[in-house]
Amino acid sequence: MKIAIINAEQHREIYEQLYSDNMYFNPILDKDGNMIITEQEIDQLTNQNVAWVSSLIKVEKDSQLKTLTKEEWIAEDIKVIEQKLVELKTKEIKPIQIKL
Amino acid sequence: MKDKLYITFLPPTDVAIWQPETIAYLGAAVIPDDTSLYFGGTAYQITGAEIWTALDACVVGWKTDLGLTLFQNNLSTRFKYIYPRIGGTAATHALNLVDPTLYTGTFSGGWTHDGSGALPNGTNGYMNTGFIPSALSVTNCSFGFDSKTDTNGLFSDFGGIDTSNGDVNMYTRVSGNNNTRLAGNGVNSAVAVADSLGLFAIKRDNTLNYKAYKEGSVLATHTVTSRPIFNSTIPITEAAQNANGSIIQYSPRKRTLLFGGLSMTDTEVADFTTTWRTLETTLNR
């Protein structure tokens, strides 16, 4: 089984969207906490509104298994934002020298 | 020479040839009764006309098995949904033979559809029937599916779990057991089973127990100790379990049939299975 990891923004774009006739994306979290979709959703893609999906890199992955609710996805997004904030806070800020 | 009189008898044009359900289902699937070829070059190659003949024979068989009048739109008096997976696409596999305008399935995640049936990927593929069990009485219901894959694991092949109001679930084979739940007390009932191939069903017709079947034979009679009610608001999903709204335990088993409806007797389950198997043989799957 191959899967592709997607980020929060990509997830927003495909959430509740069709990837082909009568087939909806179902992004899930794998056991490592990555948001993933599967090779069938990539290989059978016909929805040109999300054509970027076909260029996702597929990798072998063990599967996990729970579909998140909207609330859980929001919680996952908040985690990403909080992680970014931590990164920003710990980033070394160099003074800017301005020549007058 | 005397003139000869030729009399030709033409059949009246309003005589029904097909069962109403066959006409509605294959009409919705856009499979014409002609020489159009499906799944050409595969083991499942078949013409539209052959599909019509085979499916209609199955519908006639089921109606005969269940004592229903032929040429009446009456499968709905015994079933809520039957998905026979004919046509080889997600659109056709989502159609309900009982009434193609009701409980059209919604596929999500990874599936492969072709002439051999519908194969979920076991990672995120499932189908929502949209059917809520409370539309049936817990003491008068049956559910089942036809499995084409022999695996042993914690995979739910159909299920809707509402822990407050009644459960339906089928672990076809896990730890060597057929492990099911039918409005029980939140506990599955298990019975040893040799493999996960064939038509598996559960049915209940009383407050005390329910039965599990494999390919028309009784696997077990399971005692139900509590909750003889069926107020679930959780739709039944296929190839995964809808556990209070969360989709879990995805199954990798290929399937060609999913059904749910009123209870059946042991004989009816056996006959229903035999009739279905005849269609499957015709379709070479």
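Every read-out reported here was derived from the displayed coordinates using simple, explicitly stated rules and does not represent laboratory data. Computed from a predicted model, the values in this text were never measured in an experiment. When we count neighbours, we look across all protein chains shown, and the Cβ atoms used for this are built from the backbone with ideal geometry, even at glycine.
When each of B:MET264, A:MET35 is scored by the number of other beta-carbon atoms lying within 10 Å, the sequence from fewest to most is A:MET35, B:MET264.
For the residue pairs A:LYS31/B:LYS211; A:LYS61/B:LYS254; B:LYS80/B:LYS214; A:LYS31/A:LYS89; A:LYS61/A:LYS89, the alpha carbons lie more than 24 Å apart in A:LYS31/B:LYS211; A:LYS31/A:LYS89; A:LYS61/A:LYS89. Compared with the alpha-carbon gap, the fully stretched path from B:ASN206 to B:THR64 is longer by 48.7 nm at 0.36 nm per residue. Listing B:THR35, B:THR22, B:THR221 from fewest to most neighbouring C-beta atoms within 10 Å gives B:THR35, B:THR221, B:THR22. Volume per residue of the convex hull around the Cα atoms, evaluated for chain B, comes out as 141 Å³. Give the shape of the stretch B:39-114 as rounded, prolate or oblate, defined through the alpha-carbon gyration tensor: a ≥ b ≥ c are the square roots of its eigenvalues, a/c under 1.5 means rounded, and otherwise the shape is prolate if a/b is larger than b/c and oblate if not. Note, shape of the stretch B:39-114 comes out oblate.
Once both labels are positioned 7 Å from their Cα atoms along Cα-to-Cβ, the gap between B:ASN140 and A:SER55 label points is 5.9 nm.
Ranking of B:LYS80, A:LYS58, A:LYS84 by neighbouring Cβ atoms within 10 Å, starting from the fewest: A:LYS84, A:LYS58, B:LYS80.
Taking a ≥ b ≥ c as the square roots of the Cα gyration tensor eigenvalues, the stretch B:76-208 comes out oblate, since a/c reaches at least 1.5 and a/b does not exceed b/c. Assuming 1.002 mPa s and 20 °C, estimate D for the protein assembly as shown with Stokes-Einstein, Rh taken as the Kirkwood radius over Cα pairs, in µm²/s. The Stokes-Einstein estimate is 94 µm²/s. Entry note, the protein assembly as shown: the mean residue ellipticity at 222 nm calculated from DSSP H runs of n ≥ 4, each adding -39500 (n - 2.57), is -6500 deg cm²/dmol after division by the residues and rounding to the nearest 500. With each label modelled as a point 7 angstrom along the Cα→C-beta vector, the B:PHE71-B:THR281 pair spans 2.8 nm.
Put a dot 7 Å past the Cα of B:ALA192, heading toward its Cβ, do the same for A:ILE78, and the two dots end up 5.0 nm apart.
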